[in-house]
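Student: Sharing a structure here in structure tokens format.
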Amino acid sequence: MISESNKNELKILLTNNGDTLNEKETEKLFSAFYRGQNVSNTMGSGLGLHIVKRILTLHNAIITYQNEQNTSNRFTIIFDK
């Protein structure tokens, strides 16, 4: 969902109902080569969200993660206009 929170920023909300992360995993989520316990059977290098955060930082945007009551994952991306 894309929502405009005010005239100065654009907010994008991404939500899924996949496995949620615990607090310890959340702290490391955007670190290079970090892979959560819920992806042990999935191929990958742990670079995806680290690269996303770097690209967004270069565009003066921020990304955050929230665990919504252990039922869904919510990423929020905010761009300054």
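The values are calculated or read from the model by the stated rules, or taken from the named source; none is laboratory data. None of these values were measured; they are calculated from a predicted model. Virtual Cβ from ideal backbone geometry, glycine too; neighbours counted across all protein chains shown. The protein model used for the area step is the full one, side chains on, heavy atoms only, and it has no ligands, DNA or RNA in it. Shrake-Rupley method; radii C 1.70, N 1.55, O 1.52, S 1.80 Å.
Table: residues versus (1) in a strand (DSSP E or B); (2) open to solvent by less than 90 Å² (accessible area, probe 1.4 Å).
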| residue | (1), (2) |
| --- | --- |
| Leu13 | yes, yes |
| Lys24 | no, no |
| Phe33 | no, no |
| Thr42 | no, yes |
| Leu49 | no, yes |
| Val52 | no, yes |
| Thr57 | no, yes |
| Tyr65 | yes, yes |
| Ile78 | yes, yes |
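Student: Checking the conditions here, which among Ile51, Ile77 is at pLDDT 85 or above and in contact with a strand residue (DSSP E or B) (Cβ under 7 Å, 6 or more places away or on another chain)?
Tutor: Values: Ile51 fails: in contact with a strand residue (DSSP E or B) (Cβ under 7 Å, 6 or more places away or on another chain).
Residue meeting the stated conditions: Ile77.
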